[in-house]
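Okay, structure first, notes after.
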Amino acid sequence: MTTITQASPWTSRAITIVTTLLLVQFAVAYVVGTGHLLTNDQQSMFPPIAITVALPVSAFLIAYMISGRFRDFMLAQDIEILTMLQHWRVLGFGFLTLYFYDVLPGLFAWPAGLGDVLVGLMAPFVVMRLRRDASFVTSTAFTRFHYLGLLDFAVAVVATGLAAGSFPALIPGGVTSAPMDVWPLNLFPSFGVPIFIILHLTVLFKVRELRRASQSHVNNAAVAA
């Protein structure tokens, strides 16, 4: 009997490209944060630092749509690993620690911190369910976990804007979300958040393709019958 082994998408070229992109993104985060380039001086509801989230995610979506090779590379990733990487979100507990030290406002720290911790703690259990039940990967419950992860980031962006200072009544202690705009805390929105969003999106794209393949198989079986 011949065993067919699927080639890993992580060729040396792919590793080099991804590593380079991550280093560039980290460097951009450092320059933006240390240079105070995107601070919310006008206390806008839309925090300028969110641009460093939107640009990498937009670049990912454009590349996914126009490049078949890139799309195939992303769809070849292990869905369990993509999901398990969300476990790192437990680092969001640090926001709550900074709140207790009056570095960040509760308006931002509580929803952003608890949301991240919740997603991070759920990730291992979601992966265990995947390993026990192969059909779980195309279930609504599985996709809801990833939508929850994306929703958490949306809530964090809104909370950052509300806590910027334009609504003093919402931050009675006078502590604003300004530290998130500068180094080292801007590493979260400028580096970590885009990566986690891309991981979520990749899983959702993979699930969509798996559902299409499953439906196609059902349709072909029906025609054959």
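Report whether or not Ala154 is surrounded by fewer than 19 Cβ atoms within 10 Å (Cβ to Cβ), assigned to a helix (DSSP H, G or I) and not polar (S, T, N, Q). Please lay out each step first, then the result.
Values: surrounded by fewer than 19 Cβ atoms within 10 Å (Cβ to Cβ): yes; assigned to a helix (DSSP H, G or I): yes; not polar (S, T, N, Q): yes.
Yes.
Tell me which of these Arg144 doesn't satisfy, since it passes every other one: (1) among the basic types (Lys, Arg); (2) in contact with a Ser or Thr (Cβ under 9 Å, 6 or more places away or on another chain); (3) at pLDDT 95 or above.
(2)
So in region 163-176, with the set limited to residues that are farther than 11 Å from Asp41 by Cα and touching a Ser or Thr at 6+ places or on another chain (Cβ under 9 Å), which one is surrounded by the most Cβ atoms within 10 Å (Cβ to Cβ)?
Among them, the one singled out is Ala163.
Testing Trp183 on (1) in a helix (DSSP H, G or I); (2) modelled with pLDDT of 95 or more; (3) surrounded by fewer than 17 Cβ atoms within 10 Å (Cβ to Cβ), one condition comes back false. Which one is that?
(1)
Considering only residues that are under 28 Å from Thr39 (Cβ atoms) and acidic (Asp, Glu), which ones fall in region 169-219?
Asp181
In the list Val126, Val90, Val137, which residue meets the criterion of being β-branched (Val, Ile, Thr), touching a Lys or Arg at 6+ places or on another chain (Cβ under 9 Å) and surrounded by 15 or more Cβ atoms within 10 Å (Cβ to Cβ)?
Val137
The values are calculated or read from the model by the stated rules, or taken from the named source; none is laboratory data. Quick caveat, the model's predicted, so the values are computed rather than measured. Cβ sites come from the backbone with ideal geometry, for glycine too, and all protein chains shown count toward neighbours.
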